[in-house]
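Undergrad: Mind looking over this structure? Questions follow.
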Amino acid sequence: MPVAAALSGKDGKIHAFAGASVYTTYRNRAAIHGACDAHLVYLHLNAINMKWIDTHCHLFMHQFAADLPQVMNNAKKAAVSHIILPSIDNTSVEHLAAVCKQYPALVHPSIGLHPTHINQHYRIELEKAAEQARNNQYIAIGEIGMDLYWDATHEHEQADALIFQLNLAVKLDLPVIIHSRNAYNPIYKILKDNYRGKVRGVFHAFSGNSLQAKQLKELGFYIGIGGVVTYKNSGLRQTLKETGLSMVIMETDAPFLTPEPYRGKRNEPAYIPLIAQHIADATGTAIEEVSDITTTNAKKLFGIE
């Protein structure tokens with residue numbers, strides 16, 4: 001939908017484009033200046049009331065070490081009002097906590113053991129994560145789940161770790177952030193058979209079909225939509241067209257899964273409005289409605305005020 005937009009040129013001046021869509025704004029910036037650098041490109045948000053929540057971002061990773069203040073400034077200019085940081089394993093907790101301490105009003109921590117970080121010592125890792133969750137203020141349990149993309153060697157251990165952390169979420173009454181790459185079916189079965197009505201959460205980086213989205217909705221789960229929706233061969237646009245916005249929350253998974261036309265570069269929270277425009281186009285809704293619904297959904301799920 002048309003919105004007022006502004007581009008900052010190489011000359012440092014602001015060039016206004018009234019009636020440009022978010023997508024057109026980013027596309028024009030790349031075409032005019034021959035670069036995929038969106039750091040100086042933002043919606044002209046003073047004229048419209050939109051706020052965003054990036055529900056999945058790894059700002060504590062080394063990719064952000066050199067310019068985190070600029071990344072956070074970019075996010076604020078893009079009207080990203082809250083960012084959730086899921087941990088990966090216990091080695092990431094300290095770095096995550098440091099970012100949260102630096103930006104307490106903007107950033108919220110989540111604790112969990114990522115399935116690709118499960119090894120022979122995973123039970124010790126789980127106990128450490130549980131102790132962290134019990135003794136500190138976390139917004140969710142995650143990033144947890146299963147990942148069978150490369151191989152299924154540790155499928156049993158991943159399922160065991162998932163169940164452990166789902167039980168922890170039930171005990172602490174916290175939502176879960178589920179990683180499900182090539183593992184939707186076993187995770188869905190675990191949730192359906194054992195946790196229906198007991199656990200709430202989000203399937204992060206959802207890439208499934210409308211039937212799977214419907215199944216998750218029946219379990220009370222949301223789907224996290226990020227940069228993949230912008231990819232040419234993604235089926236997510238059709239899924240969103242069929243399912244609508246009622247269970248959608250926004251995410252970047254930064255520094256990964258960068259949206260077009262910046263794919264191949266580092267991702268960051270400031271790209272949320274670009275992702276949102278693709279969601280708006282897929283669902284036939286105004287971007288303002290995408291903002292309202294996804295922000296309300298995220299606040300409800302994670303208890304953000």
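The values are calculated or read from the model by the stated rules, or taken from the named source; none is laboratory data. These numbers were taken from a predicted model, which means no experiment stands behind them. Heads up, the Cβs are rebuilt from the backbone with ideal geometry, glycines too, and the neighbour counts pull from every protein chain shown.
Undergrad: Check region 170-193 and report whether any residue there is crowded, with 19+ Cβ neighbours inside 10 Å and more than 27 Å from Ile53 (Cβ to Cβ).
TA: no
Undergrad: Would you say Ile144 is farther than 22 Å from Pro186 by Cβ, assigned by TED's automatic domain parsing to the domain that holds His82 and of a type in the set (A, V, I, L, M)?
TA: On the way: farther than 22 Å from Pro186 by Cβ: no; assigned by TED's automatic domain parsing to the domain that holds His82: yes; of a type in the set (A, V, I, L, M): yes.
No; evaluated as a whole, the condition is false for this residue.
Undergrad: Follow-up question, since we're still on this one. I'd like the residue in region 243-255 that is of a type outside the set (S, T, N, Q) and in contact with a Lys or Arg (Cβ under 9 Å, 6 or more places away or on another chain) and, out of all such residues, is farthest from Ala213 (Cα to Cα).
TA: Ranking the candidates gives Pro255 first.
Undergrad: Could you tell me which residue of region 149-163 is nearest to the chain's Cα centre (by Cα), considering only residues that are surrounded by fewer than 18 Cβ atoms within 10 Å (Cβ to Cβ) and in a helix (DSSP H, G or I)?
TA: Of everything passing the filter in region 149-163, Ile163 is nearest to the chain's Cα centre (by Cα).
Undergrad: Any residue at all in region 194-210 that's free of Cβ contacts under 8 Å to residues at least 12 places away in the same chain, farther than 20 Å from Gly284 by Cβ and not aromatic (Phe, Trp, Tyr)?
TA: no
Undergrad: Looking at region 122-136, I want the residues that are under 12 Å from Ser110 (Cα atoms) and have a partner that is part of a helix (DSSP H, G or I) with Cβ atoms under 7 Å, at least 6 apart or on another chain. Which pairs are those?
TA: Listed pairs, sorted by first residue: Ala129/Asn90; Ala130/Leu168; Gln132/Val93; Ala133/Leu168; Ala133/Leu172.
Undergrad: Where the second residue is of a type in the set (Lys, Arg) and the first is under 17 Å from His108 (Cα atoms) and lies in region 279-305, which pairs have Cβ atoms under 6 Å and are six or more apart or on separate chains?
TA: Between residues of region 279-305 that are under 17 Å from His108 (Cα atoms) and residues that are of a type in the set (Lys, Arg), the close pairs are Thr295/Lys51.
Undergrad: Same structure again: From the residues in region 82-98 that are without any contact (Cβ under 8 Å) to a residue 40 or more places away in the chain and not acidic (Asp, Glu), which one is nearest to Leu301 (Cα to Cα)?
TA: Among them, the one singled out is Leu85.
Undergrad: Quickly run through region 124-145 and pick out the residues that are over 23 Å from the mean Cα position of the chain (by Cα) and β-branched (Val, Ile, Thr).
TA: Ile124
Undergrad: Of (1) closer than 19 Å to Ala286 by Cα; (2) without any contact (Cβ under 8 Å) to a residue 12 or more places away in the chain, Asn233 satisfies all except one. Which?
TA: Here Asn233 clears every test but (1).
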